[in-house]
Structures are given as C-alpha cells and as structure tokens.
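Asks: Quick one: structure below, then a few questions.
The values are calculated or read from the model by the stated rules, or taken from the named source; none is laboratory data. Quick caveat, the model's predicted, so the values are computed rather than measured. Because the Cβ atoms are built from the backbone with ideal geometry, glycine has one as well, and the counts that use them run over all protein chains shown. The area values use the complete protein model at the heavy-atom level, side chains included, leaving out ligands, DNA and RNA. Shrake-Rupley method; radii C 1.70, N 1.55, O 1.52, S 1.80 Å.
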Amino acid sequence: MDLHEKLIRVITSAKILFIVPGYAETKMTDIATHANLAVGTLYSLFRSKDDLLQFVFATTLDSTVIDHVQALPVAPLSADELVTHTAEIYQQANDKLHTLMTDYPTDARFSAMLDYLFTNFHEYGAYFLILERNPQMSPALLQLYKRYRQQLYTDIAQLLAALVTSGEVRYLSHPENDALLIIDQVFWWSAHKQYDSFDHQTNHYDQQEMKKCVVQQLTTSYT
C-alpha cells in the first residue's frame, strides 16, 4: 500500500468518526481500526489527532494537498493558516455564486444554482459537519462557518427573488424561506445522509442518481 492510499484511508475514516461519534470521543486507535491500518502506521503518518484534524480540514479545502506530502509525519497547517485559508475558500465560494447572475443564460440560472449547491456541499460537507458536531473544537472556524452559512442563505434568497422578477421561477411570497428549504434539502442529501443520518451506514444509494432526483423535484416545484 503506497503513501497516497494510506492517507486517503486515514482521511476518509477520520471524517466519518470526527462527525459520529465526534472528535473528543474518537481515539487514534479507532481511526486506525476503521482505516484497517496498524496504530503504529497511523502515528508514523500523524503525530497527534489534532494534526490529523488539521490535515483533514486542509485536504477538504484543497484535495491536491495530499499529493504534495513528502515528509512524515505530516506537518499540517497552523491554526492561523487554516483560518486564513478557510476564509479565502468561503470568499471564493461567495464570488462563484454571484457569477450565476451574469455568466449563465436566463433559462439556466436556477439549475446552475442547484448544481452550485450540490457541488459546494459535496466538497465541503464533511468540514461543515465536523464543525457542527464539535462546536467547542475551534471557535474561530465555527464563527467563519456560521457567517458563511448565513451569507449563503441571504445570497440564495436574493437570487431567487431575482429569478422571480425575471420570470424564471414562480412567484415566491417569502424567498428567504424557500432559500432555507432548498439549501437544507441539498445539504441533507449531499452531506447529512452520507455521514450522520440515522441509517447512513445501512441505507446505501447512488449519490448522482439522488442528485438528479432532487434537482428534478425542485425544478418541477419552482419553475
């Protein structure tokens, strides 16, 4: 097993366990067992659980980080660097959403919005859920996430209102409520269902097929 595969196994297992049962409840031995690796191998990769957590966050923000690991144990970003990088990613995500109003034709903006949400929550959903399930772990990262999530609700509500005005979606009396509904539904199928729903370990489904189903449902409801 090469280094890349070992890191992928560890990161995947850590994401799952840091969400359920949670960061404080998870031991390095639990992660090693889940990843089917020896505990000694895990400690050769990461000096501590905190270092592993920082690396999980870093690779979620930028998946190419894992390809640049050369020295072991892995030296993760510092807490300040992670906060800075996370803020930059949130800003990029906000900017990308705003381009929907200008870069897509008027008959494609609603579907582009849904695709944006699915992509965003698929990439960063584990990061968000780790913070939600472990609110005392990093107050700085949690505050960034709260601000980003609130901004997302506001931006989607404003986009929906604009789509109503242009006739791309049906009349909405309270776009802010519809923004909550759409975002939370997409987040459920992109992240919660995979990591922390009641039956996430036994109820398997094709994520792409479910995405198509949800998009079709929302498109039919709103356009």
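Asks: Under 8 Å for C-alpha pairs, at least 6 residues apart: give me the relative contact order for the chain, rounded to a whole percent.
Replies: Over the chain, the number comes to 20 percent.
Asks: While we're here: Enumerate by residue number the chymotrypsin sites (Phe, Trp or Tyr not before Pro) in the stretch 69-121 meeting two conditions: DSSP loop (anything except H, G, I, E, B), and at most 12 other Cβ atoms within 10 Å of the site's Cβ.
Replies: Numbers: sites: Tyr90, Phe110, Tyr116, Phe118, Phe121; in loops: none.
Sites meeting the loop and neighbour criteria: none at all.
Asks: Also, quick follow-up: With every protein chain kept in the model, how would you rank Lys211, Lys146 by accessible area, 1.4 Å probe, largest at the top?
Replies: Details: Lys211 45, Lys146 110 Å².
These residues rank, largest area first, as Lys146, Lys211.
Asks: With n ≥ 4 as the cut-off for DSSP H runs, can you work out [θ] at 222 nm for the chain, using -39500 (n - 2.57) per run divided by the number of residues, rounded to the nearest 500?
Replies: Numbers: 10 runs with 147 residues, N = 223.
Dividing the helical sum by the residues of the chain leaves -21500 deg cm²/dmol.
Asks: Find the percent of Cα-Cα distances in the stretch 52-132 that exceed 19 Å, and round it to a whole number.
Replies: Roughly 47 percent, rounded to a whole number.
Asks: I would also like to ask the following. What full-extension length gain, to one decimal in nm, is calculated for Leu180 and Asp67 as 0.36 nm per residue of separation minus the Cα-Cα distance?
Replies: Details: separation 113, 0.36 × 113 = 40.68 nm, distance 3.65 nm.
Roughly 37.0 nm would be gained on extension.
Asks: Determine, from the Cβ-Cβ distance of Ser173 and Met210 and an R0 of 25 Å, the FRET efficiency 1/(1 + (r/R0)^6), rounded to the nearest 0.05.
Replies: FRET efficiency, Ser173 to Met210: 0.30.
Asks: Accessible area per residue, 1.4 Å probe, Å², for the stretch 28-86: what's the number?
Replies: Result: 49 Å² per residue.
Asks: Next up: When the chain is fully extended, how far beyond the present Cα-Cα distance does His34 get from Asn94, taking 0.36 nm per residue of separation?
Replies: Contour length minus the Cα-Cα distance gives 18.1 nm.
Asks: Using the Cα centre of the chain as the reference point, and only Cβ charges (+1 on K/R, -1 on D/E), how large is the resulting charge dipole? Debye, rounded to the nearest 20.
Replies: Charge dipole of the chain: 340 debye, to the nearest 20.
Asks: Do you know the Lys pair count in the chain for C-alpha distances under 18 Å, with sequence separation 8 or more or different chains?
Replies: For the chain, qualifying lysine pairs total 9.
Asks: How big is the accessible area of Glu88 in square angstrom, nearest 10, if you roll a 1.4 angstrom probe over the protein chains?
Replies: Answer for Glu88: close to 90 Å² accessible.
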